[in-house]
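The values are calculated or read from the model by the stated rules, or taken from the named source; none is laboratory data. Quantities reported herein were computed from a predicted structural model and do not represent experimental measurements. Glycine gets a Cβ as well: all are built from the backbone with ideal geometry, and neighbour counts include every protein chain shown.
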Amino acid sequence: MHQTTYHRASSLSEAVKLLNDADDGKYVAGGQTLIPTMKQRLAAPSDLVDLRHIADLKGIEISGDKVKIGAAATHAEVAEDKALAKACPAISHLATHIGDPHVRHMGTIGGSIANNDPAADYPAALLALNATVHTNKREISADDFFVDLFETALEDDEIITAVSFTLPEKAGYAKFPNPASRYALTGVFVAKRADGVRAAVTGAGENGVFRADPIEQALASSFDASALDGITIPADSLMTDIHASAEYRANLVAVMAKRAVQAANG
Amino acid sequence: MGIEGIGARVVRKEDKRFITGLGRYVDDMVVPGMKHAIFVRSPYAHAAIKKIDTEAAMAMPGVIGVLTGAQLKDDGIGNLICGWMINSKDGTPMKMGAWSALATDRVRYVGEAVAVVVAETRGQARDAAEAVEIAYEEMPAVTDAVKALEKGAPQLHPEAENNLIYDWEIGEASAVDQALDGAAHVTRMKLVNNRLVPNAMEPRAALGHYDKAEDHFTLWTTSQNPHVARLVMSAFYNVAPENKLRVIAPDVGGGFGSKIYVYPEEIICLWASKRTGVPVKWVADRTESFLTDAHGRDHVTEVSLGFDRDNRIVGLKVDTIANFGGYMSLFSSAVPTYLYATLLSGQYVIPKIHCNVRAVYTNTTPVDAYRGAGRPEATYVLERVVETAARELGVSPAELRRKNFIREFPYQTPVIMNYDAGDYEASLDAAMREANYAGFPTRRDEAKKRGKLRGIGMSCYIEACGIAPSQAVGSLGAGVGLWESAEVRVNAAGTIEVLTGSHSHGQGHETTFAQVVASRFGVPLEQVSIVHGDTDKVQMGMGTYGSRSGAVGASAIVKALDKVEAKAKKIAAHLLEADESDIVIENGEAKVAGTDRTLPWFQVALAAYTAHNLPEGMEPGLKEGAFYDPTNFTFPAGCYIAEVEVDPETGHTEIVQFVAADDFGNIINPLIVEGQVHGGLAQGIGQALLEGCHYDPTSGQLVTASYMDYTMPRAGDLPSFQVSTTNTPCPGNPLGVKGCGEAGAIGSPPAIINAITDAIGNNDLSMPATPQKVWAAMKASQ
Amino acid sequence: MAEISMTVNGRKVTGTVEDRTLLVHFLRENQGLTGTHVGCDTSQCGACVVHLDGKAVKSCSMLAAQASGSDVLTIEGLAEGGELHPVQAAFKEHHGLQCGFCTPGMIMAAADMIRRHPQGLDEKTVRAELEGNICRCTGYHNIVKAVLAASEAMSGKAKAA
């Protein structure tokens, strides 16, 4: 790792000031991606501003059909929250399968979506749930938030404070993990509401997380796995790497979508 | 056997320190004044070095020295070598290219060491390493061995025309061709044995310390064979004379072959310590391990197996191209020849065998022995072609094997090996029983109802352990002898220290070797200590690899015990005023047979050292050494049966049952033997399902250079294993043991692939059988 | 440089380290606690697992400064009063280790796993929960056995108490 200077912020305003005072600073929450990246010298921020101790970023609240998850909630906290598991089991299931138990104790939802790894799990959930990303400056819809590979709508000094969404009627997530890294080789999150179905795909798209129109259309009339029988997903905008060809990923999108619907239907 | 002796399921003595965090690995060592080394490595697979400028790096904070290959040459440090001479079939010796521990004019694989920075801290050394300026002129690279042999391929070494190191054969080609021409059926396959990275969990490390006062070097290193390291560094690399070099391999966190060899970093840490005047420590990070630990396997093979009308094998023809990487590693040449082709007879009577092997340079990491070394490659070839033949012939794979089994011993194969003992039907029957082979169709039908494709696959392997005897391997080109040494020291109060040239890096020698001693005298295990891994303590030894510690290392201990026992009996007879032939030593005492006259063990020992009352002319002391040179290899064999379920939608394979029935001869500690089998199976299953190197064919970059891309077997990828043993004792060594360290890795890959190909109905499937590949194979056969 | 202080194995410790110092290096090099190992660079192998404020984390993926103010438990602090922790005892009893390098992380992970599953564990759960710990020697067979045995022993203890 290159030299860096560590700062611990105790409030949002302090964090913003610390970052703006730095040469080339970066926020860190759980650090489960950033620290390994720095170790490999693939990132070299002059300063790290630690957000993990800011009280405002913590907690998971459910009131009525609204869910709000603090940005610093760890994957383990999301996975283990009993009220959330009852209200939206799909998101608990998703959190339970991010990384491994040790990573889940540190990694946060805010950190994950700010990084927008094209194979991360949360972006699919947020996009399918039509979630809102709250920052210290504004609210951003998930549709606008995820821009491209490792790119979001966030400004440099902007801090995610929470993620919120309205509970869907049903939701499900199915992931086929990359055998080596255990990130999503392909993951599909489906959410059904009165006004339609949203299905978001992670791990497969050349430009990161995306909504899968053919799946949404097929499920709009019948939210049943059989509605997806024989569906073909175009492979042309999907990724090819040593682990999976675009063609194979296209197959996985269809298969994982079916399994996500099955999970949603319990 | 007793509760602690040979055959007892004793929990390990060495565990205490490991489970409490008190193990002592090389990276745990601290020497006063110690500084840290970071290597500057080639980012290119193939390039000419035009200029190395170290000035900027030297000026960085904390930097003590920046050293290059030119200085290494100035100091007369020799090139790395391969220590086993193989001659091509035209009689010419193998073509070995020069390999300097620090490259001077050209680099031949990504990760090759070019310079080293020594600094106060690891971080400072890494900062400065980035400031070493090296001007490279990139050259075209080739990573595939088949392509490297083609006309116009990039050329690696001037010594090796067309990148060919040797073109070797065994057996008579024309006789095999004739047999195949006359065969009723010939099964032909093209098989790839995927390249693997050993991935011992402890990365390699070295700490070199030059003591100016004594003009003496000490090296702490992650080695499976510290004595061989010392010998090679003295005799060939000119680092220091043997009497001025102490090599210590303390606790070592796994080896699997990768820690047999002497690597550039070990040479450099010693040399740099003298150059800079400070002790120098280097510890690999995982990416360095991926790039620089000797890889394993990487064969491309064409095989033809012929049968007569009665389904008896008439001949086997094998043509293999072996990828050696950019340089010849220490024992690389022996792996695809004497450890591979000599095992191609398997468990079968095969009248004619011919194998041709071409060894090839490519712009990849050097390849050498990895758990099994040649034998997994041989077993994969034979057991896939036999299973496929059974399917083509429409007969049961088990019965086809049974029909062709060798049944009389000793059995001379057409490829050098002389099998001393075995009962292949016994392990086949045991495995089939345990697997409920007969009940498979019912299970397959049940799985089908759940939407899963269930398949069953078998592998009957044989392997050769305890490579020997020295004279024979010498005549085949080995640069060293392959015996082992032991010294048994009975202390004056009766405790016992055993010094062994074997090295434990997970095998549990501190327990099994102590059991051998405890058995002999009936003393408690805690009174026996095993000393290993230090050239200043143990005089000379050959180390641990090729499952040799039991068959060779423990046999040397037995020989030394024989001498100790003989002397102890003389002393006891003298003190008990009995005839020597009437003395027995058991349960911690010497006694006169048939009487109640006894002498506690410690009193025998004490008498040897007080020397107040010894038989006339006897020297004081009770300490004996022995060297043991086996008369033959040992031949563990067994039968593995895998059962899998494939998800037809994703191609994902789940192993639902894995049965192993092994014949290891006599067993010293079943608990430890089972553990060895489990570990071997995991590595073999890893090869079959998960692991494989991917080099970018154009740039020569290793794409699978971290756990993000190279799939290590995890707990969730594996089932619990059903392991059992059968026993035909090895007639060739005093303990009747054969060796168990590699069997799992040797026998399991074909069993897994045979099971998957059975499930999906397509024999054309290569390792690793990733979900994507299985899915594609299913699609192709639709 | 960062001034840090934390509790390690029940003892208050302080140190001045480069900000970039990882927690694992602080433990190994500043505190001499070499039982915590480094086996990879990408946060997968789990040889470095310690407990931070009671939860298993990877000490190679965290700066020492991030852990300042926290309570850290390493493998060296797991056994209480000279008696092996039930997970340590089970690893020995069931031959859940060979070379020993992954073992400290494995044991710390297993202790955390058992804490999070007071209702008990089954083989499938243990295998899934070991996702963050790689062993190259044992094939996991005996590790799984050891974790199950320890879980049982500890719940037995809890029931008895």
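Scanning region B:9-42 for residues that are closer than 17 Å to B:Glu266 by Cα, within 27 Å of the chain's Cα centre (by Cα) and more than 8 Å from chain C (Cβ to nearest Cβ) returns B:Val26, B:Met29, B:Phe39, B:Arg41. When each of B:Leu219, B:Leu196 is tested for being more than 14 Å from every other protein chain (Cβ to nearest Cβ), more than 14 Å from B:His505 (Cβ to Cβ) and buried (at least 24 other Cβ atoms within 10 Å of the Cβ), the lone residue that passes is B:Leu219. Looking only at region B:620-655, filter to residues that are among the charged types (D, E, K, R) and under 30 Å from B:Pro734 (Cβ atoms); which one of those is farthest from the chain's Cα centre (by Cα)? Among them, the one singled out is B:Lys623.
Among the residues of region B:91-137 satisfying the criterion of being small (Gly, Ala, Ser) and assigned to a strand (DSSP E or B), which is nearest to B:Ile49 (Cα to Cα)? Out of the qualifying residues, it is B:Ala135. Given the residues A:Asn136, A:Asn178, A:Asn130, A:Asn116, which is the only one that is touching a strand residue (DSSP E or B) at 6+ places or on another chain (Cβ under 7 Å) and within 14 Å of another protein chain (Cβ to nearest Cβ)? When all the criteria are applied, what remains is A:Asn178. The strands (runs of 3 or more DSSP E) found entirely in region B:579-654 that carry 2 or more residues being in contact with a Ser or Thr (Cβ under 8 Å, 6 or more places away or on another chain) and over 25 Å from B:Ala518 (Cβ atoms) are B:637-646. Note on region C:71-110: residues that are surrounded by 24 or more Cβ atoms within 10 Å (Cβ to Cβ), more than 7 Å from chain B (Cβ to nearest Cβ) and of a type in the set (A, V, I, L, M, F, W, C) total 7.
Scanning region B:500-523 for residues that are on the phi > 0 side of the Ramachandran plot and either surrounded by fewer than 24 Cβ atoms within 10 Å (Cβ to Cβ) or in the same structural domain as B:Thr222 (by TED's automatic domain parsing) (or both) yields a single hit, B:Gly522.
Listed by position, the strands (runs of 3 or more DSSP E) contained in region A:1-90 that have at least 3 residues being closer than 30 Å to A:Leu129 by Cα and either under 20 Å from the mean Cα position of the chain (by Cα) or within 11 Å of another protein chain (Cβ to nearest Cβ) (or both) are A:25-28, A:60-63, A:66-70.
Restricting attention to region B:235-286 and to residues that are out of contact with any helix residue (DSSP H, G or I) (no Cβ under 9 Å at 6 or more places or on another chain) and in a helix (DSSP H, G or I), the residue that is farthest from the other protein chains (Cβ to nearest Cβ) turns out to be B:Lys274. When we screen B:Gly700, B:Gly716, B:Gly739 for residues that are over 27 Å from B:Ser504 (Cα atoms) and assigned to a loop (DSSP other than H, G, I, E, B), the only hit is B:Gly700. Output yes when any residue across region C:34-56 is surrounded by fewer than 23 Cβ atoms within 10 Å (Cβ to Cβ), at pLDDT 95 or above, facing another protein chain (nearest Cβ under 7 Å) and part of a loop (DSSP other than H, G, I, E, B), and no when none is. Yes, because at least one residue in region C:34-56 is surrounded by fewer than 23 Cβ atoms within 10 Å (Cβ to Cβ), at pLDDT 95 or above, facing another protein chain (nearest Cβ under 7 Å) and part of a loop (DSSP other than H, G, I, E, B). Screening B:Gln687 against (1) in a helix (DSSP H, G or I); (2) over 30 Å from B:Ser42 (Cα atoms) leaves a single unmet condition, (2).
Kindly check whether there is at least one residue in region B:413-424 that is assigned to a helix (DSSP H, G or I), among the hydrophobic types (A, V, I, L, M, F, W, C) and either more than 16 Å from B:Asp662 (Cα to Cα) or not assigned by TED's automatic domain parsing to the domain that holds B:Gln683 (or both). Checked against the condition, which is being assigned to a helix (DSSP H, G or I), among the hydrophobic types (A, V, I, L, M, F, W, C) and either more than 16 Å from B:Asp662 (Cα to Cα) or not assigned by TED's automatic domain parsing to the domain that holds B:Gln683 (or both), region B:413-424 yields no hits at all.
Restricting attention to region C:6-33, the residues that are farther than 14 Å from C:Leu73 by Cα, surrounded by fewer than 17 Cβ atoms within 10 Å (Cβ to Cβ) and in contact with a Ser or Thr (Cβ under 8 Å, 6 or more places away or on another chain) total 1. Picking from residues in region C:131-149 that are assigned to a helix (DSSP H, G or I) and touching a residue at least 40 places away in the same chain (Cβ under 8 Å), the one that is nearest to the other protein chains (Cβ to nearest Cβ) is C:Gly132.
Conditions tested, residue by residue: (1) at the interface with another protein chain (Cβ under 9 Å from one of its Cβ atoms); (2) closer than 21 Å to B:Gly422 by Cα; (3) surrounded by 24 or more Cβ atoms within 10 Å (Cβ to Cβ).
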{"position": "B:His652", "(1), (2), (3)": "yes, no, no"}
{"position": "B:Val677", "(1), (2), (3)": "yes, yes, yes"}
{"position": "B:Gln683", "(1), (2), (3)": "yes, no, yes"}
{"position": "B:Thr698", "(1), (2), (3)": "no, no, no"}
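Pairing each residue of region B:560-572 that is free of Cβ contacts under 8 Å to residues at least 24 places away in the same chain with any residue that is part of a helix (DSSP H, G or I), provided the two are 6+ apart or on different chains, yields C-beta distances under 7 Å for B:Lys569/B:Glu580. The residues of region B:742-782 that are modelled with pLDDT of 95 or more and part of a loop (DSSP other than H, G, I, E, B), listed by number, are B:Glu742, B:Gly761, B:Asn762, B:Asn763, B:Asp764, B:Leu765, B:Ser766, B:Met767, B:Pro768, B:Ala769, B:Thr770. Determine, yes or no, whether A:Gly208 is within 29 Å of B:Gly716 (Cβ to Cβ), within 16 Å of the chain's Cα centre (by Cα) and small (Gly, Ala, Ser). Taking the combined requirement at face value, the residue satisfies it. Considering each residue of region B:607-657, count those that are more than 26 Å from B:Val677 (Cα to Cα), in contact (Cβ under 8 Å) with a residue 60 or more places away in the chain and either aliphatic (A, V, I, L, M) or touching a His at 6+ places or on another chain (Cβ under 9 Å) (or both), and give that number. Here the count works out to 3.
Within the option set A:Glu139, A:Glu80, being acidic (Asp, Glu), touching a Lys or Arg at 6+ places or on another chain (Cβ under 9 Å) and surrounded by fewer than 18 Cβ atoms within 10 Å (Cβ to Cβ) holds for one residue only, A:Glu80.
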